[in-house]
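To start, the structure itself, in structure tokens.
Derivation of every value follows stated rules applied to the coordinates shown; laboratory data play no part. Every value quoted in this text rests on a predicted model; they were computed, and no experiment measured them. FYI the Cβ positions are ideal-geometry reconstructions off the backbone, even for glycines, and counts take in every protein chain you see.
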């Protein structure tokens, strides 16, 4: 394998072995802002495909949010895209609030790259669920651990932070605030019963 696919696989391998070095190598590629923005949309579409495939294998229960997403791939893609944009903005703004030096363009790059790596993990999980269902659940747990590890290291490298523990704490508190905000929004969109599933 040569060219862009080979380079992407090389960067994925480096990111899994040494996330901070992986991000530095990715930044050195000087990906144009237009490509980074297009990457957000592409990741939203690919995530939608995997999520809709998951709904086929395991139809959503009474969760109104899951039902909303399962109704239309377009709705799912829009929600995924907005979540990715919000993630990039939060990574940028919260990091800057604590004297980080990362740019919004690089925060977008982090979100796109993290999502690309995790799509690979999700694809493995979906395949395992089809072949050996219990293995799919185990891969889900491992995948969550990989997501946290990569997120903390990528954000630390992006903003020049040294303490991974403090970065994790910042992620946790930001996630709590975001979940609270989403819960309020869902209560307006779907009614108070939606809060039981957040």
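Values as computed for the structure displayed
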| read-out | value |
| --- | --- |
| Which label in (i) 16.1, 50; (ii) 18.7, 69; (iii) 17.4, 53 gives the computed Rg and Dmax of the Cα atoms in Å | (iii) |
| Distance in nm between pseudo-label sites at residue 184 and residue 45 (7 Å out along the Cβ direction from Cα) | 3.5 nm |
| Rough spin-label spacing in nm, given labels placed 7 Å along Cα→Cβ, for residue 177 and residue 82 | 2.0 nm |
| Residues 29, 157, 10 arranged by fewest to most Cβ contacts within 10 Å | 29, 10, 157 |
